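Enquirer: Once you've had a glance at the structure underneath, I'll fire off some questions.
All of the numbers you see were taken from the coordinates with simple rules; none came from a lab. Just so it is clear, the structure is predicted and the values come from calculations on it, not from any experiment. Glycine also receives a Cβ, built like all others from the backbone with ideal geometry; neighbour counts cover every protein chain displayed.
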Amino acid sequence: MLMLRSPLQPPQITDEIRARFDTRDEAEALAMPEKITAVATKGDIGLPGEVMAQFPSLRMIAVYGVGVDKIDLAQARDRGIAITTTPGVLTDAVAEQAIALILAATRRIAEGDRHVRTGAWAKGKLGLGYSIRGRTLGVLGYGRIGRRIAELARAIGMDILYTDLQAVEGEEDAFRSSPAALAQDSDILVIAAAGGSGTDGLVDQKVLAALGPNGLLVNVARGSVVNEEDLIAALNTGGIAGAALDVFQNEPNPRPDLLKMPNVVLTPHLASATIDARLAMGRLVIDNLAAFFHDRPLVTPLEVLS
Ligand code: 8YV
């Protein structure tokens with residue numbers, strides 16, 4: 001029996017899941033925990049350890065997304081619970097959102113929208129933005145999504161630097177050994193790193209100081225990667241020029257300080273929210289569930305981290 005933690009988009013994905021698998025929502029599943037052998041869950045809500053522990057027969061978790069930071073990986077490993085994700089099919093969507101956020105911030109799109117809507121235009125022009133051609137984009141996290149962001153940014157004339165656990169063969173010159181070193185040499189820093197204990201608070205006061213007063217921070221990864229207190233301080237003191245954020249530590253209720261700042265662009269965890277990506281993500285969830293329930297090899301299994 002499958003527990004579907006929350007409906008998946010678009011609705012036809014949820015409809016197909018309910019039609020093909022014996023499915024319960026979380027409240028129903030908690031009334032019959034021993035019957036639940038699989039869970040389907042969104043990447044941003046995952047399956048915390050205290051919930052996972054309530055299902056003794058659980059053998060598989062199908063993640064609708066690529067983030068596994070909200071899943072108790074240690075418990076999954078110890079219990080031999082398989083995990084699947086939806087790699088590759090959301091790469092373009094997330095990378096496009098990163099570019100959109102960069103342009104929204106550098107060309108003051110969100111501010112411009114407010115400037116028109118509020119009637120402020122009649123009282124004066126909005127200030128100038130700046131072109132990104134020839135400016136340096138630092139990519140923090142150089143996996144599928146980070147590399148696609150780099151490809152798109154190069155295509156519109158940006159120079160690319162990156163940091164990750166190690167340099168990529170053939171791109172050694174663009175590698176920087178740490179987030180601070182990357183920020184030091186970048187005009188715009190985009191976060192594309194996986195969330196989890198290894199990246200919690202990685203972008204802190206030191207990194208933001210290195211990015212500097214003309215710097216822009218963009219985040220399409222996880223809010224947990226940024227020390228939000230340090231970010232708010234840097235934005236308030238001019239330590240950095242602005243930010244464009246799709247993810248936050250307290251979703252769906254970000255820190256009020258972030259909501260007040262005109263030089264911060266905000267979107268509600270939209271990066272993978274295209275019909276193309278979400279249909280493909282949903283298809284992969286369904287294919288993995290079908291494989292599980294029919295004792296076939298899983299389509300996109302995650303090697304549970306040790
Ligand atoms: C999720 C995400 O799919 O990939 C992830 O882990 O954060 C998103 O792309 C999102 O949580 C769906 O609601």
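To keep it simple, each residue is scored yes or no on (1) within 16 Å of the ligand (Cβ to nearest atom); (2) without any contact (Cβ under 8 Å) to a residue 24 or more places away in the chain; (3) closer than 25 Å to L259 by Cα.
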residue: I61; (1), (2), (3): yes, yes, no
residue: Y64; (1), (2), (3): yes, no, no
residue: I83; (1), (2), (3): yes, no, no
residue: A93; (1), (2), (3): yes, no, yes
residue: R108; (1), (2), (3): no, yes, yes
residue: D113; (1), (2), (3): no, yes, yes
residue: G124; (1), (2), (3): no, yes, yes
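Enquirer: Out of region 4-31, which residues are in contact with a strand residue (DSSP E or B) (Cβ under 7 Å, 6 or more places away or on another chain) and hydrophobic (A, V, I, L, M, F, W, C)?
Expert: If the condition is that a residue be in contact with a strand residue (DSSP E or B) (Cβ under 7 Å, 6 or more places away or on another chain) and hydrophobic (A, V, I, L, M, F, W, C), then L4, L8, I17, F21, A29 are the ones that fit.
Enquirer: Inside region 211-306, counting only helices (runs of 4 or more DSSP H) that do not spill past its ends, which hold 1 or more residues that are in contact (Cβ under 8 Å) with a residue 60 or more places away in the chain?
Expert: Once the helices (runs of 4 or more DSSP H) in region 211-306 are filtered for at least 1 residues that are in contact (Cβ under 8 Å) with a residue 60 or more places away in the chain, what remains is 275-293.
Enquirer: If we scan region 159-182, do we find a residue that is among the hydroxyl-bearing types (S, T, Y) and under 15 Å from the mean Cα position of the chain (by Cα)?
Expert: no
Enquirer: A further question on this structure: Which residues, taken from region 234-265, are within 16 Å of the ligand (Cβ to nearest atom) and not polar (S, T, N, Q)?
Expert: Hits for region 234-265 are L245, D246, V247, F248, E251, P252, P254.
Enquirer: If you take the residues of region 66-81 that are within 16 Å of the ligand (Cβ to nearest atom) and assigned to a loop (DSSP other than H, G, I, E, B), which of them is farthest from the chain's Cα centre (by Cα)?
Expert: D72
Enquirer: Suppose we filter region 165-195 for residues that are within 13 Å of G141 (Cα to Cα), touching a residue at least 40 places away in the same chain (Cβ under 8 Å) and part of a loop (DSSP other than H, G, I, E, B); how many remain?
Expert: The total comes to 4.
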